[in-house]
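The structure appears right after this line, and notes come after that.
The values are calculated or read from the model by the stated rules, or taken from the named source; none is laboratory data. Since the structure is predicted, the reported quantities are computational estimates derived from the model, not experimental observations. Cβ coordinates were reconstructed from backbone atoms using ideal geometry, including for glycine residues, and neighbour counts include every protein chain displayed.
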Amino acid sequence: MKIETITTRADLVIRRQTLQPGEATHWHVDTCHRFSVVVRGNGLVIEYRDAPGAHPVAVHPGLADWDAPEPRVHRAVNVGTEPFEEVVTFYLDKPGMDPQPVRN
């Protein structure tokens, strides 16, 4: 997993995240609203630590969507045949907050 911070301000963080096929994000929660744009990728699932199974997400380059905070511990897994890349804008509720704290 590769995470690159593109820019930050007191009220937002913009990051580029790339997952190779078979790679997963860390287990985390999402603490703020965000807007994501898929740059590339063809398969993604979300796994919740407290629930069995995986929830498929239909992804394709150009897909853009808003997401609300998610307090459940989860991770994204690239189940596609190519790298998954997205650019995410996190709208921070307070300066310096971590938009995706890791929950091991």
Checked the range 16-31 for anything among the small types (G, A, S) and either surrounded by 14 or more Cβ atoms within 10 Å (Cβ to Cβ) or in contact with a Ser or Thr (Cβ under 7 Å, 6 or more places away or on another chain) (or both); matches are A24
Restricting attention to the range 47-69, the residues that are of a type in the set (A, V, I, L, M, F, W, C) and farther than 18 Å from V79 by Cβ number exactly 3
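Got a sec? Which of R40, R34 is modelled with pLDDT of 95 or more, surrounded by 15 or more Cβ atoms within 10 Å (Cβ to Cβ), farther than 22 Å from D98 by Cα and of a type outside the set (S, T, Y)?
On the way: R34 fails: farther than 22 Å from D98 by Cα.
Unique residue meeting the criteria: R40.
Please tell me if V13 is surrounded by fewer than 17 Cβ atoms within 10 Å (Cβ to Cβ) and either of a type outside the set (G, A, S) or farther than 20 Å from N104 by Cα (or both). First the steps, then the outcome.
Values: surrounded by fewer than 17 Cβ atoms within 10 Å (Cβ to Cβ): no; either of a type outside the set (G, A, S) or farther than 20 Å from N104 by Cα (or both): yes.
Considered against the rule, which asks whether it is surrounded by fewer than 17 Cβ atoms within 10 Å (Cβ to Cβ) and either of a type outside the set (G, A, S) or farther than 20 Å from N104 by Cα (or both), V13 comes out as no.
Tell me, which residue of the range 35-88 that is in a strand (DSSP E or B) and of a type in the set (G, A, S) is nearest to K2 (Cα to Cα)? Even if it seems obvious, please write down each step before you answer.
Here is the first cut: in the range 35-88, the residues in a strand (DSSP E or B) are 35-40, 44-48, 54-57, 64-67, 70-78, 84-88.
Cutting the leftovers down to of a type in the set (G, A, S) gives us 36, 54, 64, 76.
Working: S36: 16, A54: 22, A64: 20, A76: 13 Å.
For the range 35-88, the residue satisfying everything is A76.
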Those residues of the range 7-28 which are assigned to a loop (DSSP other than H, G, I, E, B) and within 11 Å of the chain's Cα centre (by Cα) amount to T25, H26, W27
Pairing a residue in the range 75-93 that is under 9 Å from L19 (Cβ atoms) with any residue that is charged (D, E, K, R) and part of a strand (DSSP E or B), where Cβ atoms lie under 6 Å and the two sit 6 or more apart in sequence or on different chains, gives E85/R40
Restricted to the range 60-83 and to residues being within 12 Å of the chain's Cα centre (by Cα) and acidic (D, E), the residue nearest to V38 (Cα to Cα) is D65
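Are any residues in the range 87-104 surrounded by fewer than 16 Cβ atoms within 10 Å (Cβ to Cβ), over 12 Å from W27 (Cα atoms) and under 14 Å from the mean Cα position of the chain (by Cα), and if so, which ones?
Kept after step one, since they are surrounded by fewer than 16 Cβ atoms within 10 Å (Cβ to Cβ), are these residues of the range 87-104: 91, 93-98, 101-104.
Filter once more, so that each one left must be over 12 Å from W27 (Cα atoms): 91, 93-98.
Selection gives Y91, D98.
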Exercise for review: Using the structure shown, decide if F84 is crowded, with 17+ Cβ neighbours inside 10 Å and either among the hydroxyl-bearing types (S, T, Y) or modelled with pLDDT of 95 or more (or both).
Suggested key: yes
